[in-house]
Amino acid sequence: MKKSNHKNISCEEALKRVFDYIDDHIQNTSRDEFEYHIELCRHCFDRVEFEKLLKSRLQALRYKRSSEWLRERVEDIIAEF
Amino acid sequence: MKLTSEEQRQLKDRVLPLLDDLHRLAYHLCHDENDTEDLVAETIKKACEKFRTLRDHGKIKPWLFRILRNTFVSLCRERKKYATIKYQEDNENEDERFSLFAEVSQPFLLWWGNPERELVNKLLEEDIKQALSEIQPEFRFVVVLCDVEGLSYREISNILDIPIGTVRSRIARGRSMLQRKLYDHAVEKGLIRKRDRHYEKI
Ligand SMILES: [Zn+2]
């Protein structure tokens, strides 16, 4: 459980920090305040879970094919220059 | 100007280890094998032309990514195959951003059911790729770097040579566009029903 001496930010304020939070672009007090808020607020908690889920679906698109087949073409281009 | 054989070797030694990264990024932008290969090839040609202007060889990765992005944007213009580039960054309004969550969630369901998460789980990989390919290239680029490639705002800012604040707002706008496309697809496929600003599960 978080220290309860954080001020409880408004949902409006929390909303502005959702992307920073899921992208790990939030630190210290700002992060603590946000985490404290989503512990208390179901709506903002759901919003975070939703954005995280969507982000994970995008992450799963990460292409795995090796570029070995392109290597030759690239080597040729460089050699021609 | 032709590169010396020493320069060719330097370029090759630095480019080849990054080929997987370039290839992946190009693929995420094009979603088409032929276009991907062309984009990487064109990027390498430009890198050869500009190689002498690269002062710090340690920064070749963001440099190449930047070339790839510029090449992609101009290919988009030429081929008109991908969405055309429109900048509305300056007059963007945070309130006008689209949120799939806001459209789909049903707060009155209380502790059971998460229609918004169910919807995201129901979407096929193809739906997401399709939606991604339909958003403006500049925004697609940042969303791909952030969400698919998992880069930080700072890394993206280095690649695009724009302030972190701009990266942040571009990601937010890109996601808003993506979510609107996903919403439209979901309505089209009958996964959700459009009704005023709410929806009914089918
Ligand atoms: Zn809240």
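Quick rundown of the values:
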{"quantity": "Within the range B:102-153, considering residues that are without any contact (Cβ under 8 Å) to a residue 40 or more places away in the chain and small (Gly, Ala, Ser), the one surrounded by the fewest Cβ atoms within 10 Å (Cβ to Cβ)", "calculated": "B:113"}
{"quantity": "All positions within the range A:18-29 that are in a helix (DSSP H, G or I) and modelled with pLDDT of 95 or more", "calculated": "A:18, A:19, A:20, A:21, A:22"}
{"quantity": "The range A:9-22 - residue that is open to solvent by 50 Å² or more (accessible area, probe 1.4 Å) and within 9 Å of the ligand (Cβ to nearest atom) and, of those, farthest from residue B:178 (Cα to Cα)", "calculated": "A:10"}
{"quantity": "Residue in the range B:3-21 that is open to solvent by less than 40 Å² (accessible area, probe 1.4 Å), modelled with pLDDT under 90 and assigned to a loop (DSSP other than H, G, I, E, B) present", "calculated": "yes"}
{"quantity": "Pairs with Cβ under 8 Å, 6+ apart, first in the range A:39-66 and closer than 14 Å to residue B:25 by Cβ and facing another protein chain (nearest Cβ under 7 Å), second in a helix (DSSP H, G or I) and among the aromatic types (Phe, Trp, Tyr)", "calculated": "A:63/B:27"}
{"quantity": "The lone exception for residue A:47 - which of (1) crowded, with 19+ Cβ neighbours inside 10 Å; (2) more than 16 Å from the ligand (Cβ to nearest atom) it fails", "calculated": "(2)"}
{"quantity": "Filter result (at pLDDT 70 or above and either out of contact with any Leu (no Cβ under 9 Å at 6 or more places or on another chain) or among the acidic types (Asp, Glu) (or both)) within the range B:102-114", "calculated": "B:102, B:103, B:105, B:106, B:107, B:108, B:113, B:114"}
{"quantity": "Criterion (modelled with pLDDT under 90, among the hydroxyl-bearing types (Ser, Thr, Tyr), open to solvent by less than 60 Å² (accessible area, probe 1.4 Å) and farther than 24 Å from residue B:153 by Cα) met by exactly one of A:4, A:67", "calculated": "A:67"}
{"quantity": "Matching residues, the range B:127-163, being small (Gly, Ala, Ser) and in a helix (DSSP H, G or I)", "calculated": "B:131, B:133, B:157"}
{"quantity": "Scan of the range A:23-44 for residues that are buried (at least 18 other Cβ atoms within 10 Å of the Cβ) and away from the ligand (no atom under 15 Å from the Cβ), ordered by number", "calculated": "A:23, A:25, A:26"}
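The values are calculated or read from the model by the stated rules, or taken from the named source; none is laboratory data. The structure displayed is predicted, hence computed values, not measured ones. Cβ coordinates were reconstructed from backbone atoms using ideal geometry, including for glycine residues, and neighbour counts include every protein chain displayed. Ligands, DNA and RNA are stripped out before the accessible areas are found, and what is left, the full protein with its side chains, is counted by its heavy atoms. Shrake-Rupley method; radii C 1.70, N 1.55, O 1.52, S 1.80 Å.
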